[in-house]
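A.B. asks: Structure below; questions to follow.
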Amino acid sequence: MHNQHRLTPAQAAALELEKRRELPLHAGCVLLFDGLAPPLGELIEHVRARLGRAPAFASTVAEVPLPGARPVWQPAEIALKHHVRAAALRGAAGEDELAILAGQLLAERLPRGRPLWQIVLVERVEGERFALIARSHAALAGDDLLEALLEGDDAPLPLPRRAGAPRLLLDALTERISNPRATLEHARALTARAREELAWRGADPLGLLSPAPAWRLGANPGPDRALAWVEVGLGGLRRSKDKLGGTLNDAALAAVAGALGGYMRSHGDQTGGVTLRALVPIAQARSGRLMASYVPLPVGIADARRRHAAISGSLDGLRAAAGAAAAAELAGDDGFPANARLRLVTALLAREHGFNIAVANVGGPPAPRELLGRRLRTVIPALPLGPRQTLSIALASYAGRLCFGVLADADAVPDLALLAGLLRSSLDELPRRRKGG
């Protein structure tokens, strides 16, 4: 057993937080396809053939018999009937029914005794379409089964080899001696979990926390989830970027801030001078490693230009100070890494505190993809909810389109359709340069 098969501190923290707080910390994607659904058996065999490209999806988490030691991956026998199954919507069900089913699945924790992922085939969606609802845990960061399903025929990657408890203990002790940096990172993760515990309980006796501004959606999430999405063309957002400056990410955040402000005002909240704090992952230019950055969302600024200028200025400072890149654009990847990036963001979310809402873009492929000869039409991302967070927003681009996936605590946000409508309106309000201008 080598250290590359040991969970990172962030992954271990996500597993521990989920266990203690019964928070489902898996990323999700809803994939909408054109055409008739493949038979379930054919899909299962397709998944079986591709598992070698995503080794963690054929592994379970093994605890190490040493206090504070990080778990490791162990290869597992997989009963694919538990991981790939079918669900039928009633009649010619539309996207509303699909969203309800996705919300129900996203609210369920993945069983720990099996590999931490699941794909549900929704066989009929109105308009001669079908869907896959995919869930995978934050601890699986690095591999992406969806990418393997939708792309090429590369040679299989090696699985981790199984080790017994004595070997796991020896490996953990060896790492503490030979890799003090990893031990220090794990200690920091343990400290972050202690801070999260204080935040969850609403207490800060040592003054360790920098609380996020108070707002109506700042409670601990309940057991139920609701999902909504807004899809727009990337061309319009690019014209807004050209008109306003900054990046596509800046324009998207300006639209999100506008929607949140409108939602608060629709419920009678005063937003004058109010600035929320968003957790926005920024990637280091050299290493590509994601960092947790806090970006102000001035929800009290009604004018789209002024709101964008405030957000873009803040992000310029963050990017310059951190030597950051890779969060500037929303498209351009050749692969299909959306779910893997969502899990990386989830691992960040599990250890951070002091923010109102997580907003993450996960990129996506510019060219169309297929599954078993059926064209993928839409990618809908879902970022889970963390402590004191009842709303999250993830953005995924695909084939010239951009989809905002909005996941919410169903009780805290009973009118999620209102928020989705406000987000669409806020996107429409962004100034745009005319085509050819």
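A.B. asks: So which of Ala358, Ala331, Ala322 is touching a strand residue (DSSP E or B) at 6+ places or on another chain (Cβ under 7 Å), modelled with pLDDT of 80 or more and over 26 Å from His46 (Cα atoms)?
C.D. replies: Of the residues listed, the single one that is touching a strand residue (DSSP E or B) at 6+ places or on another chain (Cβ under 7 Å), modelled with pLDDT of 80 or more and over 26 Å from His46 (Cα atoms) is Ala358.
A.B. asks: Report the residue count in region 104-128 for those that are of a type outside the set (Phe, Trp, Tyr), outside any loop (DSSP other than H, G, I, E, B) and touching a helix residue (DSSP H, G or I) at 6+ places or on another chain (Cβ under 9 Å).
C.D. replies: Residues flagged as of a type outside the set (Phe, Trp, Tyr), outside any loop (DSSP other than H, G, I, E, B) and touching a helix residue (DSSP H, G or I) at 6+ places or on another chain (Cβ under 9 Å) within region 104-128 amount to 7.
A.B. asks: Determine whether region 363-373 contains at least one residue that is aliphatic (A, V, I, L, M) and touching a Lys or Arg at 6+ places or on another chain (Cβ under 9 Å).
C.D. replies: no
A.B. asks: Which one of Val30, Val61 is in contact (Cβ under 8 Å) with a residue 40 or more places away in the chain, in contact with a Pro (Cβ under 6 Å, 6 or more places away or on another chain) and not in a helix (DSSP H, G or I)?
C.D. replies: One residue alone meets the criteria, Val61.
A.B. asks: Next up: With crowded, with 21+ Cβ neighbours inside 10 Å and in contact with a Gly (Cβ under 7 Å, 6 or more places away or on another chain) as the only criterion, which of Ala56, Ala131 stands out?
C.D. replies: Ala56
A.B. asks: May I pose another question? Take the residues in region 227-286 that are part of a helix (DSSP H, G or I) and of a type in the set (D, E, K, R); name whichever of them is nearest to Ala399 (Cα to Cα).
C.D. replies: Here the residue is Arg238.
A.B. asks: Report the residue count in region 20-39 for those that are surrounded by fewer than 24 Cβ atoms within 10 Å (Cβ to Cβ), within 19 Å of the chain's Cα centre (by Cα) and at pLDDT below 90.
C.D. replies: 3
A.B. asks: Can I ask one more? Need the failing condition index for Ile393 against (1) surrounded by fewer than 24 Cβ atoms within 10 Å (Cβ to Cβ); (2) within 26 Å of Leu234 (Cβ to Cβ); (3) β-branched (Val, Ile, Thr), just the number.
C.D. replies: Evaluating Ile393 over (1) surrounded by fewer than 24 Cβ atoms within 10 Å (Cβ to Cβ); (2) within 26 Å of Leu234 (Cβ to Cβ); (3) β-branched (Val, Ile, Thr) leaves (1) as the failure.
A.B. asks: Please work out if Gly363 is part of a loop (DSSP other than H, G, I, E, B) and surrounded by fewer than 24 Cβ atoms within 10 Å (Cβ to Cβ).
C.D. replies: yes
A.B. asks: In this structure, does Leu140 turn out to be modelled with pLDDT under 90, surrounded by fewer than 20 Cβ atoms within 10 Å (Cβ to Cβ) and in contact with a strand residue (DSSP E or B) (Cβ under 9 Å, 6 or more places away or on another chain)?
C.D. replies: So Leu140 fails the test.
The values are calculated or read from the model by the stated rules, or taken from the named source; none is laboratory data. Everything numeric in this text was worked out from a predicted model, so none of it was measured. Note: ideal-geometry Cβ built from the backbone for every residue, glycine included; neighbour counts use all protein chains shown.
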